[in-house]
Structure formats: C-alpha cells, structure tokens
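The values are calculated or read from the model by the stated rules, or taken from the named source; none is laboratory data. Computed from a prediction, not measured in an experiment: that's the story for all the values here. Positions of Cβ are generated from backbone atoms using ideal geometry, with glycine treated the same way; all protein chains shown enter the neighbour counts. Side chains included, ligands, DNA and RNA excluded: accessible areas come from the protein's heavy atoms. Shrake-Rupley method; radii C 1.70, N 1.55, O 1.52, S 1.80 Å.
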Number of protein chains: 2
Amino acid sequence: MSAGIAHLIDDDEAIRDALSWLLRSRGIETRSWGSAEGFLADYGSAMRGCLVLDIRMQAMSGLELFDRLTQLGCTMPVIFLTGHGDVPVAVQAIKKGAFDFVEKPFNDNELADRVIAALAADRDLWLGRDRKHDIETRLASLTVREREVMDRVLGGKLNKVIADELGIAMRTVEVHRSHVFEKMGVRSAVDLARLLAGGEE
Amino acid sequence: MSAGIAHLIDDDEAIRDALSWLLRSRGIETRSWGSAEGFLADYGSAMRGCLVLDIRMQAMSGLELFDRLTQLGCTMPVIFLTGHGDVPVAVQAIKKGAFDFVEKPFNDNELADRVIAALAADRDLWLGRDRKHDIETRLASLTVREREVMDRVLGGKLNKVIADELGIAMRTVEVHRSHVFEKMGVRSAVDLARLLAGGEE
DNA sequence: AACGCCCTTGCGGATATCCACAATAGCGCC
DNA sequence: GGCGCTATTGTGGATATCCGCAAGGGCGTT
C-alpha cells in the first residue's frame, strides 16, 4: 500500500509537475488541481491524505480554501507553499492550525519529508478517530440505566452503594453492570476505565 | 492572589512602561528587563508566569533568548512583540512553540487578553506537572514486586492468575496489591487505572 | 393479544476480594 | 546481634462479585 495521497493545489503548472514528480519518486501518490475552486468541487469528507497548497493563487487564495475546508470539517494536514513576501499570511495559516509550511523555492528533500510527516499525521488522526468512534457507538448502545450504573462503577463504587444511590436492588445493579461490560467489550471494571480514559479527552 | 506575573523584556523603555501600566491595570503583576541578557541573568527554573518579549532587540534577539530558555527547560508561555517587518522571524518563533505573538503597534485589550491566556496556560501546565510529579513519586515508592503486581492488576487480571504468573501464593499477591493501593492513594483498581490513565501519556 | 426490550428482583452457589492475626526468611545498617 | 524493610505464606472469616435460573411489570410495535 502507498504512503498516502498528497493533493497538490497550485496555479503554476510547472510547480505542480515538479512536486508530483518529486513526491512520486518517494512513493507518494499525488493528485493535482490548478485552482482552489477546482479542489473544492472535488472535495469529499472521505478524502484522505494531505494537502500541499500554494498560499497565493488567483481568485481564491490558499488561506481562503483552508478556511472553507476547515468549515467543512476537513482535517487533512495542510502544508502551505509561500513566497517569502507572503509570510504574514503564512503566520495566519499556522495560527489557524496549518500543519506546516515551506517557503519557495523549497528544498526537495525537506518538502518530501514534511509531506511524509503530514501523511503520517493524517493516518494517526484516523486511527484515533476510528477507535473513538467505536467507543462512542458502544456507549450509545447503553440504556440510560446502564449508563448510570457504569458512571458509578467508574467512580470505584461498590455495587451495594450504587444500589442505594439508584434506589434499586443489588442484583439489578449486577445485571446492568454485566450488560455494560458486555456491550463495551471489556471483562472488568479496570479494562473499562482504561478504555474510556484512553479514548476520550 | 494575583492573576500571575508577566515578565516584560524590551529594550524600549517607553514600551515597557506602557505594557506595565496596561497589565497592572488588569490585575497582572509585571517585571521589566531592558535586555535579553538581563533577563537570562535573573532567570530561574522556579519562575512562573509568562513572557512578553520583543523579538527584535540589541545584542541578543528575542528569538535567541527564547531558544536559550527552551534549552534551560523553561516552559513559560512566550508572547512575542514584532514589528511588521520582523514577520519571518515571528513565523520561526511560532513553529518553535511560542505561545502567541502580536504585532506592534498592538491593541491594548487584545494584548492584555493574550497575556491573561498565557498566564492561564502556565497555571494549567503547572497543575498538570504537580499531579504528574505526585504520581511519579508514588510510583517510585513501589517496590519491584509491587510494581509487577500492579501492572497485572491494571491488565485486569485476577489475583489467582497474577499469582501463577509470578510463581507466588495468592495471599502474597493480595498483600502487594493492598500495598500498591495504599501507596498510590487509591481504594480500588478502577481508581488506580483512572489515575494512571489520566496522569500519563 | 403476542412479541421484544428494558427494568426489576430473589435465590443460591461458585469465586474473589479484603483483612486481621501470625509467622519465616533474606538483606543492609548501626 | 538487633532493627527495619521486603518478600513470602498460611488460616479463617467477613464481604463482594459473578452468574444461571426464574419471574413479574411496563411500554411500544406489529
């Protein structure tokens, strides 16, 4: 499998081609667009990889595209390409959460390394997202009562105490507790605590 | 108690005074230095608060001071003051982990707000550090055996299983387990798991 | 009405945990 | 040698947890 896909957006065809050649020689798939508008039209939330984005372009600027993508919930890491006159804009970009940026003319190896880092960041993000999504799905499958019991189990409380607090019999708590473990896919309260501590915040 | 201390470093006395007046009017203590060297001489690792640092100064620049402080293990948030000609340097600063930066001439309210945010960040950092330090101290007080038992308890294993794995009697495991709880200041395996999951990584 | 889902509870037994009391043993230190 | 710390184990009892078996009620859907 490939190292990931780099989406190149620059209105200078020569640069797109140079980037494309450089990255492909490092085993990175590439796709190119000549304008921010063009990329936006093709963008979908399932898109994976990273962006290499010229910050200065005709019509819609790279920064503007970045803002729109952010609004669309896009989380792909973005590497901006900047001329050294565009630096104030680059500052904005970084503060807004751009992954990195490089000044033109760029050093080939350096840029490729950063793209690779960006692709790795995207993968990590999705790994974390998958795990979190799985946990959320499991949590959503709990009934209200089960959730109440789980919260108290996580508080380290004994079944007896939980029963008192909820005004139900201990046996009932045990049943809920066991359902919680089953639904959450764990076999002990310890595992549950680690699952939730590791997958949230 | 005060909102925190802002350390002002700028070779322009007029700016130092203006900053100092502004911040004090917002309840923030200030201390001023006219040079990076002067601040470095006074710096100690116990220093708390944040820095407001002119990025362009005689002799040692703000960025250079920032690098040295980082090497010294200083984690105070740094807000850089930059003229708009210094922007490329500001970019470097942000990439190196500066907390924020503002361009001169600055808007009073905006700058004060950022200083307040920086002070809050410093407090949070120390809160986290204190908790982590406390946990590490407790962990260090565990004997080797206790640690071995704890690791397995966190794995959700039953005392019986742990006893088998370590080749000792269940009773011994129980003793270690109880010591671990006592030393770590928790009363159940669940609490322990949450303590370690929340304080590490 | 019948079915499914959830909440509820009781009984009883197999396991596990928690702990006080008690004891043996190695190791380093004064 | 005595003292303290750590590791080790045993006995026995009070609690807790884990679970299958059994069963009643509420609620919404078909």
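Miscellaneous remarks
- Here B:Ala117 and A:Glu13 are evaluated by their C-beta separation; at R0 = 41 Å the FRET efficiency comes out at 0.40.
- Figure note: B:Ile28, B:Ile5 ranked by solvent-accessible area, largest first, 1.4 Å probe, ligands and nucleic acids not counted: B:Ile5, B:Ile28.
- Compared with the dominant principal axis of the Cα atoms in chain A, helix A:108-140 is inclined by about 20°.
- For segment A:89-161, the Stokes-Einstein estimate of translational diffusion at 4 °C and a viscosity of 1.567 mPa s comes to 79 µm²/s, using the Kirkwood hydrodynamic radius over alpha-carbon pairs.
- Dividing the radius of gyration of the alpha carbons in segment A:141-199 by their Kirkwood radius gives 0.94 for Rg/Rh.
- Accessible surface of B:His7 - all protein chains present, 1.4 Å probe, nearest 10 Å²: 0
- Positive end of the dipole of the protein assembly as shown (Cβ unit charges, origin at the Cα centre): among A:Ser2, A:Pro105, B:Asn107, the Cα lying farthest that way belongs to A:Ser2.
- With the whole protein complex present, A:Met76 retains an accessible surface near 10 Å², based on a 1.4 Å probe.
- Exposure rank, largest accessible area first [B:Cys50, B:Cys74; 1.4 Å]: B:Cys74, B:Cys50
- Given charges at Cβ of Lys, Arg, Asp, Glu: chain B dipole, positive-most of B:Val52, B:Leu81, B:Gly128: B:Gly128
- Inter-centroid distance (Cα atoms) of segment B:108-127 relative to segment B:1-32, Å: 13
- Using Cβ point charges alone (K and R +1, D and E -1), the dipole size of chain B about the Cα centre works out to roughly 1060 debye.
- With the biggest extent put first, the Cα atoms of segment B:1-46 measure 28, 28, 6 Å across the principal axes.
- Compactness relative to 2.2 N^0.38 Å, alpha carbon Rg of chain B: 1.45
- Annotation for the A:B interface, with buried accessible surface near 1500 Å², both sides summed [1.4 Å probe; non-protein components not counted].
- Per-pair calculated FRET efficiency, R0 = 56 Å: B:Val161 and B:Ala46 via Cβ, rounded to 0.05: 0.75
- Accessible heavy-atom area order of A:Asp42, B:Asp100, highest first, probe of 1.4 Å: A:Asp42, B:Asp100
- For B:Lys157, the aspartates and glutamates whose Cα falls under 14 Å of its own Cα, not counting residues fewer than eight places away in the same chain, are A:Asp191, B:Glu148, B:Glu165, B:Glu174.
- Near B:Ala59, once Lys and Arg are set to +1 and Asp and Glu to -1 for all other residues with Cβ below 10 Å from its Cβ, the sum equals -3.
- Listed residues B:Leu63, B:Ala36, B:Leu23: farthest to the positive end of the dipole of segment B:18-109 (Cβ charges): B:Leu23
- Computed over the protein assembly as shown, the alpha-carbon pair-distance distribution with 10 angstrom bins reads 4, 17, 19, 20, 21, 14, 5, 0, each value a whole percent.
- With one equal scatterer per alpha carbon and no solvent term, the Debye-computed log10 I(q)/I(0) for segment B:38-151 at 0.16, 0.23 1/Å reads -0.78, -1.32.
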